[in-house]
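Colleague: This is the structure I want to talk about, given as structure tokens.
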Amino acid sequence: MYLDTASSEPLHPAARTALLAALDRGYADPRRLHAVARDARLVLDNAREAVAEALGVRRDEVSFTTSGTDAVHRGLLGLAGPGSTVAYGAVEHSAVLHALAWRTDLRSCALPVDALGRVAMSDLDDADVVALQHANHEVGTVQPVADLGVPLFMDACASMGRLPLPEGWSAAAGSAHKWGGPAGVGVLLIRKGVPWRNPFPADDRVDDKVSGFENVPAALAAAAALQAVVAERDE
């Protein structure tokens with residue numbers, strides 16, 4: 001019996017089918033112009049479109065990263081300009097805490113939580129960016145994420161696919177292995193028009209928000225699993 005699906009789920013059958021089908025099509029560099037590369041680019045674009053449709057966002061708001069942690073780091077730090085003050089929930093995942101500690105130019109303050117783990121939103125006057133979980137991965141508390149009047153980074157790794165995305169976020173992160181996709185794939189969402197800048201060295205890739213060679217088959221498998229769990233949720 002497996003009782004740790006909050007940490008990682010078994011591969012969804014839809015993901016397995018998509019992954020096996022994409023292995024023979026998604027191995028080439030999707031930046032190249034030859035026929036095999038164009039086919040890989042088509043697979044990658046299809047994965048992006050499927051994620052966007054499942055989450056109700058624009059296709060150009062979706063990026064694939066190497067993990068949920070990578071998506072958290074990019075999403076949060078890309079919103080926080082030099083010297084920014086970042087307010088974060090006292091029960092945030094360690095990925096948020098490590099990102100803030102790494103950026104030594106940032107100021108940060110923890111927002112207290114009540115007995116149910118809900119973050120108190122009353123003291124945001126000095127915050128330039130807020131970092132909040134959508135749902136807690138240990139106790140399941142769903143935070144009252146709303147329009148806070150400041151850019152919001154939302155860690156949706158525990159909830160993406162399981163709950164509809166709320167309104168009010170500027171950037172959000174998800175992790176494919178949490179919804180039955182393969183490990184090693186994260187989803188980074190950046191709202192169109194949000195002043196986000198890549199906090200890490202740029203790369204000459206299809207998507208300038210991320211770095212490194214795209215794992216095209218895994219991205220398609222992640223998208224297939226996400227579509228499947230959203231459909232199952234809404235039945």
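Colleague: Just one of the numbered conditions (1) of a type in the set (Ser, Thr, Tyr); (2) over 15 Å from residue 171 (Cα atoms); (3) buried (at least 22 other Cβ atoms within 10 Å of the Cβ) is not true of residue 67; which one?
Modeller: For residue 67, the exception is condition (3).
Colleague: Here's something else I'd like to know. When only residues in region 99-117 that are charged (D, E, K, R) and in a loop (DSSP other than H, G, I, E, B) count, which is surrounded by the most Cβ atoms within 10 Å (Cβ to Cβ)?
Modeller: Selected residue: 103.
Colleague: Further question on the same structure: What about residue 49, is it touching a strand residue (DSSP E or B) at 6+ places or on another chain (Cβ under 8 Å), within 26 Å of residue 198 (Cα to Cα) and surrounded by fewer than 23 Cβ atoms within 10 Å (Cβ to Cβ)? Can you show your working first?
Modeller: On the way: touching a strand residue (DSSP E or B) at 6+ places or on another chain (Cβ under 8 Å): no; within 26 Å of residue 198 (Cα to Cα): yes; surrounded by fewer than 23 Cβ atoms within 10 Å (Cβ to Cβ): yes.
Against the criterion (touching a strand residue (DSSP E or B) at 6+ places or on another chain (Cβ under 8 Å), within 26 Å of residue 198 (Cα to Cα) and surrounded by fewer than 23 Cβ atoms within 10 Å (Cβ to Cβ)), residue 49 does not qualify.
Colleague: Taking region 169-206 on its own, how many of its residues are within 15 Å of the chain's Cα centre (by Cα) and not basic (Lys, Arg)?
Modeller: 23
Colleague: Of the residues 91, 62, only one is β-branched (Val, Ile, Thr), buried (at least 18 other Cβ atoms within 10 Å of the Cβ) and within 29 Å of residue 117 (Cα to Cα); which?
Modeller: Exactly one residue qualifies, and that residue is 91.
Colleague: Can you name every residue in region 118-133 that is surrounded by fewer than 20 Cβ atoms within 10 Å (Cβ to Cβ), farther than 21 Å from residue 159 by Cα and touching a residue at least 12 places away in the same chain (Cβ under 8 Å)?
Modeller: 123, 124, 126, 128 - these are the residues of region 118-133 that are surrounded by fewer than 20 Cβ atoms within 10 Å (Cβ to Cβ), farther than 21 Å from residue 159 by Cα and touching a residue at least 12 places away in the same chain (Cβ under 8 Å).
Colleague: Exactly one condition in (1) assigned to a loop (DSSP other than H, G, I, E, B); (2) small (Gly, Ala, Ser); (3) at pLDDT 95 or above is false for residue 149; which is it?
Modeller: Here residue 149 clears every test but (3).
Colleague: Scan (1) within 30 Å of residue 223 (Cα to Cα); (2) assigned to a helix (DSSP H, G or I) for the single condition residue 144 breaks and write down its number.
Modeller: (2)
Here is a yes/no grid of residues against (1) within 24 Å of residue 231 (Cβ to Cβ); (2) in a helix (DSSP H, G or I); (3) out of contact with any helix residue (DSSP H, G or I) (no Cβ under 8 Å at 6 or more places or on another chain); (4) aromatic (Phe, Trp, Tyr):
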{"position": "27", "(1), (2), (3), (4)": "no, no, no, yes"}
{"position": "31", "(1), (2), (3), (4)": "no, no, no, no"}
{"position": "38", "(1), (2), (3), (4)": "no, yes, yes, no"}
{"position": "43", "(1), (2), (3), (4)": "yes, yes, no, no"}
{"position": "73", "(1), (2), (3), (4)": "no, yes, no, no"}
{"position": "82", "(1), (2), (3), (4)": "no, no, yes, no"}
{"position": "92", "(1), (2), (3), (4)": "no, no, yes, no"}
{"position": "97", "(1), (2), (3), (4)": "no, yes, yes, no"}
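Yes/no matrix, rows are residues, columns are (1) farther than 17 Å from residue 219 by Cα; (2) more than 14 Å from the chain's Cα centre (by Cα):
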site	(1), (2)
32	yes, yes
43	no, yes
67	no, no
73	yes, no
86	yes, yes
93	yes, no
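Colleague: Taking the options 57, 86, name whichever one is crowded, with 20+ Cβ neighbours inside 10 Å, modelled with pLDDT of 95 or more, under 29 Å from residue 153 (Cα atoms) and not aromatic (Phe, Trp, Tyr). I'd like the intermediate steps shown before the answer.
Modeller: On the way: 57 fails: crowded, with 20+ Cβ neighbours inside 10 Å.
Exactly one of 57, 86 is crowded, with 20+ Cβ neighbours inside 10 Å, modelled with pLDDT of 95 or more, under 29 Å from residue 153 (Cα atoms) and not aromatic (Phe, Trp, Tyr), namely 86.
Colleague: For region 134-145, check the following and say yes or no: at least one residue is surrounded by 17 or more Cβ atoms within 10 Å (Cβ to Cβ), within 14 Å of the chain's Cα centre (by Cα) and not β-branched (Val, Ile, Thr).
Modeller: Yes, region 134-145 contains a residue that is surrounded by 17 or more Cβ atoms within 10 Å (Cβ to Cβ), within 14 Å of the chain's Cα centre (by Cα) and not β-branched (Val, Ile, Thr).
Colleague: Within region 8-24, track down each residue that is part of a loop (DSSP other than H, G, I, E, B), touching a residue at least 40 places away in the same chain (Cβ under 8 Å) and more than 13 Å from residue 180 (Cβ to Cβ).
Modeller: 23
Colleague: Got a sec? Which strands (runs of 3 or more DSSP E) wholly within region 152-200 have at least 1 residues that are among the polar types (S, T, N, Q)? Show your work before the answer.
Modeller: Working: elements: 152-155, 171-175, 186-190.
Output list reads 171-175.
Colleague: Continuing with the same structure: Looking only at residues that are of a type in the set (A, V, I, L, M) and more than 19 Å from residue 225 (Cα to Cα) in region 146-173, which one is surrounded by the fewest Cβ atoms within 10 Å (Cβ to Cβ)?
Modeller: Restricting to residues being of a type in the set (A, V, I, L, M) and more than 19 Å from residue 225 (Cα to Cα), the top hit is 146.
Colleague: Any residue in region 189-212 that's within 17 Å of residue 76 (Cα to Cα): show its pairings with residues that are surrounded by fewer than 16 Cβ atoms within 10 Å (Cβ to Cβ) and of a type in the set (S, T, N, Q) at Cβ separation under 7 Å, as long as the two are six or more apart or on different chains.
Modeller: 208/198; 209/198
The values are calculated or read from the model by the stated rules, or taken from the named source; none is laboratory data. Owing to the predicted nature of the structure, the values given are computational and were not obtained by experimental measurement. Cβ: placed from backbone, ideal geometry, glycine included. Neighbour counts: every protein chain shown.
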